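What follows is one structure encoded as structure tokens, with my remarks underneath.
Where a number appears in this text, it was derived from the coordinates with a stated rule and is not lab data. Please read these numbers as outputs of a predicted model, since none were measured by experiment. Glycine gets a Cβ as well: all are built from the backbone with ideal geometry, and neighbour counts include every protein chain shown.
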Ligand code: PEP
Ligand code: MN
């Protein structure tokens, strides 16, 4: 815990603080002088039992920070400013609103290119498309692999949009050379060797929250990437598993303001995998905008009934256009640029 002391605090005020801190079995670092300001550092396991609000209430205290957060690099204390992830001229985080859209899976060259051009025209600025699909059943479509990534590259060229695609295995990383954002899927959020490998390279990493993961666990996954040296991390809430079975997952709307408070990293929402039903996607998207998300990731297909994967939750192009214009109106109302 770092306690910044007020300039001009009296000896009596300081003594009152030191007397209070003494009751806890913590290690007190010698008081440092930084631009004539005094800083008191408290360390040790017992620090977690000290109440920040109680310390803040001492008249000599200017501010208090917990630096014993399990995810120091991802935490707000590390950076009061929002991290802005930049990819090919598109920004994620820092106040704007970014729409990522595209099919669940890349199916054919025409399919991905047609959808890319249509969603771009309607307001998307990043194209999604899975080539390696982590499916629950081994007997379902697993993605086109290398061929899918090549179709995605063609769509990137024809639409002019940067791309995001899921990497499921460290061994596949070389094939993602032309992909702009590397997605870690919900099932792989705990794959620490993959996260470490993504920390050692420079491309932005989009980490989806595991469906049984707490927000702290999500932030710890981000910490793996950040601690490897890669500061370009985007977090994605995509619904969690609850007792409710009316929807595929339960979208945790609270995750948005909670994450925005805990971390400086951009927070986006994937309402498609949360809902599992296209009819709900518009409402969940607008709720996410209202709750302060930095962007959305939406599954869109030109013919959802024939999609290889997740057709039931995919918006048609027309539905996407309608939603994109509502998002534009809501972000304008909210003053989001
Ligand atoms: C996806 O975005 O294609 C996907 C599989 O999502 P999730 O990992 O959230 O299930
Ligand atoms: Mn999908």
Going fewest to most other Cβ atoms within 10 Å around each Cβ, 227, 113, 159 line up as 227, 113, 159
Taking a crude spin-label model, label points 7 Å out from Cα along the C-beta direction, the residue 137 to residue 333 distance in nm is 4.1 nm
Check: C-alpha center the range 178-199 vs C-alpha center the range 255-306, spacing in Å is 20 Å
Placing each pseudo-label 7 Å from Cα in the direction of the beta carbon, residue 231 and residue 150 end up separated by a distance in nanometres of 3.8 nm
If one compares the long axis through the Cα atoms of helix 278-290 with the longest principal axis of the Cα atoms of the chain, the angle in degrees, nearest 10, works out at 30 degrees
Dividing the mean separation of Cα pairs under 8 Å (6+ apart) by the residue count of the chain yields a relative contact order in percent of 16 percent
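What ranking do 42, 215 get, fewest neighbouring Cβ atoms within 10 angstrom at the top?
Working: 42 21, 215 18.
Exposure proxy ranking, most exposed first: 215, 42.
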Ranked by GNM mean-square fluctuation in the chain (Cα springs under 10 Å), the top entry among 269, 47, 84 is 47
Tilt, helix 109-122 to longest principal axis of the chain (alpha-carbon atoms), in degrees rounded to tens, equals 60 degrees
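Relative contact order for the range 271-328: what percent, with Cα pairs under 8 Å and sequence separation of 6 or more? Show your work: numbers first, answer last.
Numbers: 63 pairs, mean separation 22.2, N = 58.
Relative contact order for the range 271-328 comes out at 38 percent.
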Going fewest to most other Cβ atoms within 10 Å around each Cβ, 166, 62 line up as 62, 166
A chain fully extended from residue 316 to residue 290 at 0.36 nm per residue, minus the present Cα-Cα distance, gains in nm 7.0 nm
Checking 278, 171, 307 against a Gaussian network model of the chain (alpha-carbon springs below 10 Å), the top fluctuating residue turns out to be 171
For the chain, longest principal axis from Cα atoms; helix 317-334 axis from its Cα atoms; angle between them, nearest 10 degrees, is 30 degrees
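What number, in percent, do you get for the relative contact order of the range 116-155 if the mean sequence gap of Cα pairs under 8 Å and at least 6 apart is divided by its residue count? Walk me through the numbers before you get to the answer.
Working: 25 pairs, mean separation 14.3, N = 40.
Rounded, it is 36 percent for the range 116-155.
Take the Cβ-Cβ distance between residue 169 and residue 78 as r, set R0 to 30 Å, and report the resulting FRET efficiency rounded to the nearest 0.05.
0.50
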